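Below is one structure; the comments refer to it alone.
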Amino acid sequence: MIKKNKKNWKLIIIIPARLKSVRLKKKLLRNIKKVPMIVRVADNATKLDLGEVWVATDSKQIQNLCKSYGINSLMTSEKNRSGTDRISEAYKLINKKFDLIVNLQGDLPLFNKELIEKTIDLFLDPDTEIGSAVCNLKDEELDDKNIVKAKVCLDRNNQGFAEDFLRTINSKKNWFHHIGLYVYRPKVLEKFVRLEQTKNEFDRKLEQMRAMDNFMKIKLVKVEDTPPSVDTMYDLKKIRLLFNSNNT
């Protein structure tokens, strides 16, 4: 049973790292200030000192790169249906017991400790099966298909259960920018990967719809900062400029 004092929770952060990417070829290997993106993400996660950090990949190239930087990594199947399925395979291969599993996307080179800590806090509510995060949605993001939107009515603690996820919307009311981070209880992760993929998951290209369509409870927390993700060459150029200007 999960302890109510989150300081006692044993965490593992697993970063799914699929080599093939549609919108930006081999994006996880793209350099950001002379360091590959996947290394940036793993190093940032390690510095937070919240738990073990692993990269789960389908690519020997990525695994060898991780080894050269001293990052924990392991090979997973090319046949995984989603990042969450890859996380599940990796968790079984690591073969250790943890209270919570953090699925951190490999295209989030900049994020802070608060993002993960606030998402973990959601599990103080025993009804939370999957935890994730949102931030404010900008007007220009409404029809940007690269930015996933989450519908949620937030309470006074800026928390609430997800009602829907879409890529394009017409109005910002109760819709937020969804951040690519998930946290699971191990048994919930096991339940998720046993489920069949749903039509909404295929049509929207959103793996969380498999959970939503099977009435699993995804609780969201709103955070202030928007960690920039890299989906296109334009995003990559912005990230590179940000790293250079911040002397990161």
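Nothing in this text is a laboratory measurement; each read-out follows from the coordinates by a stated rule. Every value quoted in this text rests on a predicted model; they were computed, and no experiment measured them. Every residue, glycine as well, gets a Cβ built from its backbone with ideal geometry; the counts of neighbours run over all protein chains shown.
In order along region 150-164, the phi-based Karplus estimate (6.51 cos²θ - 1.76 cosθ + 1.60, θ = phi - 60°) of 3J(HN,Hα) comes to 10, 9, 7, 9, 8, 8, 5, 9, 6, 10, x, 8, 4, 9, 5 Hz; Gly and Pro are listed as x. Summing Lys and Arg as +1 and Asp and Glu as -1 over all other residues whose Cβ lies under 13 Å from the Cβ of Phe111 gives a net charge of -2. Across the chain, the convex hull enclosing all Cα atoms gives 128 Å³ per residue. Listing Cys66, Cys135, Cys153 from fewest to most neighbouring C-beta atoms within 10 Å gives Cys153, Cys135, Cys66. Compactness ratio for region 10-108: Cα radius of gyration over 2.2 N^0.38 Å (N = residue count) comes to 0.99. What the Cβ-Cβ distance of Met233 and Arg167 gives, at R0 = 22 Å and to the nearest 0.05, is a FRET efficiency of 0.70.
Here's how it looks for Ser73: its modeled amide H is under 5 Å from those of Val55, which are all 5 or more places away or on a different chain. Here Asp127 and Lys191 are evaluated by their C-beta separation; at R0 = 22 Å the FRET efficiency comes out at 0.90. Summing +1 for each Lys or Arg and -1 for each Asp or Glu among the other residues whose beta-carbon sits under 13 angstrom from that of Lys96 gives +1. Once C-alpha pairs closer than 8 Å and six or more residues apart are averaged by separation and normalised to the residue number of region 26-134, the relative contact order reads 24 percent.
Evaluated with a Cβ-only charge set (Lys, Arg +1; Asp, Glu -1), the chain carries a dipole of roughly 680 debye about its Cα centre, given to the nearest 20. Computed from phi, the 3J(HN,Hα) profile of region 227-238 under the Karplus parametrisation 6.51, -1.76, 1.60 (θ = phi - 60°) reads x, x, 9, 10, 10, 9, 4, 4, 4, 4, 4, 5 Hz, with x in place of Gly and Pro. Over region 81-122, the fraction of Cα-Cα pairs per 5 Å bin, rounded to whole percents and listed from the shortest bin up, is 5, 16, 26, 22, 22, 9.
How far apart, in nm, are the 7 Å Cα→Cβ label points at Glu78 and Asn244? Each label point is offset 7 Å from its Cα along the Cβ direction, giving 3.6 nm.
Assuming R0 = 30 Å, can you tell me the calculated FRET efficiency for the pair Lys205 and Asn8, based on Cβ-Cβ distance, to the nearest 0.05? Between Lys205 and Asn8 the formula returns 0.20. Under 19 Å from the 7 Å Cα→Cβ point of Val35, by amide nitrogen: which residues of region 60-78? Hits in region 60-78 for Val35 at 19 Å: 62-73. Here the sum of -39500 (n - 2.57) over DSSP H runs of 4 or more residues, divided by the residues of the chain, equals -9000 deg cm²/dmol at 222 nm, to the nearest 500. Among residues other than Ser245 whose Cβ falls under 14 Å from its Cβ, what is the net charge (Lys/Arg +1, Asp/Glu -1)? Cβ neighbours under 14 Å give a net charge of +4.
Can you give the percent of C-alpha pairs in region 127-248 whose distance is more than 19 Å? Roughly 52 percent, once rounded to a whole number.
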